[in-house]
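Below is one structure; the comments refer to it alone.
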Amino acid sequence: AFIMVVDQTTISHPDHPLLVIDLFGVEIENEFRAIPSQIQGIENNLSIANMDFEDFASEVGEDGIFRGYGPHLG
């Protein structure tokens with residue numbers, strides 16, 4: 001289970017990254033941010049268990065924001 005949150009950072013950051021939180025995560029890294037254009041893909045893949053939370057969390061950029069997969073995106 002996961003939740004996506006719009007908070008002050010989402011509103012004030014120029015990229016409007018939503019906070020994605022793993023509700024059952026026991027890992028220290030149980031949250032990350034993602035830009036709005038990636039939210040649907042994250043939701044789809046997590047909901048059908050096609051990918052795990054860690055698959056996305058491990059691909060965030062240096063700023064802690066997931067912008068998608070690909071060498072040009074980190």
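Computing the accessible area with a 1.4 Å probe over protein heavy atoms, can you report the carbon and sulfur percentage for the chain? Walk me through the numbers before you get to the answer.
Working: 2560 of 4730 Å².
Solvent-exposed carbon and sulfur of the chain make up 54 percent of the total.
Only Cα pairs under 8 Å and at least 6 apart count here; give the relative contact order of the chain as a rounded whole percent. The partial results should precede the final answer.
Details: 99 pairs, mean separation 17.3, N = 74.
This gives 23 percent for the chain.
Could you report the chain's accessible area per residue, 1.4 Å probe, as an integer in Å²?
On the way: 4730 Å² over 74 residues.
Value for the chain: 64 Å² per residue.
With springs only between Cα atoms under 10 Å apart, run a GNM on the chain and tell me which of 35, 11, 21 wobbles the most.
Most flexible of the set in this elastic network: 11.
Looking at the chain, send over the antiparallel percent of its DSSP beta bridges, to the nearest 5. Display every interim value, and only then the final one.
Details: 8 of 10 bridges.
If I count the DSSP bridges inside the chain, around 80 percent turn out antiparallel.
Residue 60 accessible area, nearest 10 Å², 1.4 Å probe?
Taking all protein chains as shown, residue 60 has close to 50 Å².
Only loop residues by DSSP count here, and only those with at most 10 other Cβ atoms within 10 Å; note down the chymotrypsin sites (Phe, Trp or Tyr not before Pro) in the chain that meet that. Could the numbers behind the result be given before it?
Numbers: sites: 2, 24, 32, 53, 56, 66, 69; in loops: 24, 69.
Loop-located and lightly packed - 24.
State which stretch of the chain is the longest one without any exposed GluC sites (Glu not before Pro), exposure meaning a DSSP loop state and at most 13 other Cβ atoms within 10 Å.
On the way: sites that count: 27, 29, 62.
Answer - 30-61.
Enumerate the amide H contacts of residue 33 below 5 Å, restricted to partners 5 or more residues apart or on another chain; note that Pro and chain-start residues carry no placed amide H.
Answer set, sorted by chain and number: 20, 66.
Taking Rh as the Kirkwood radius computed over C-alpha pairs, what is the Stokes-Einstein D of the chain at 20 °C in a medium of viscosity 1.002 mPa s, expressed in µm² per second?
On the way: Rh = 12.4 Å.
Result for D is 173 µm²/s.
The values are calculated or read from the model by the stated rules, or taken from the named source; none is laboratory data. Given the structure is predicted, the values throughout are model-derived calculations rather than measurements. Cβ atoms come from the backbone with ideal geometry, glycine included; neighbour counts cover every protein chain shown. With ligands, DNA and RNA removed, areas are computed over all heavy atoms of the protein, side chains included. Shrake-Rupley method; radii C 1.70, N 1.55, O 1.52, S 1.80 Å.
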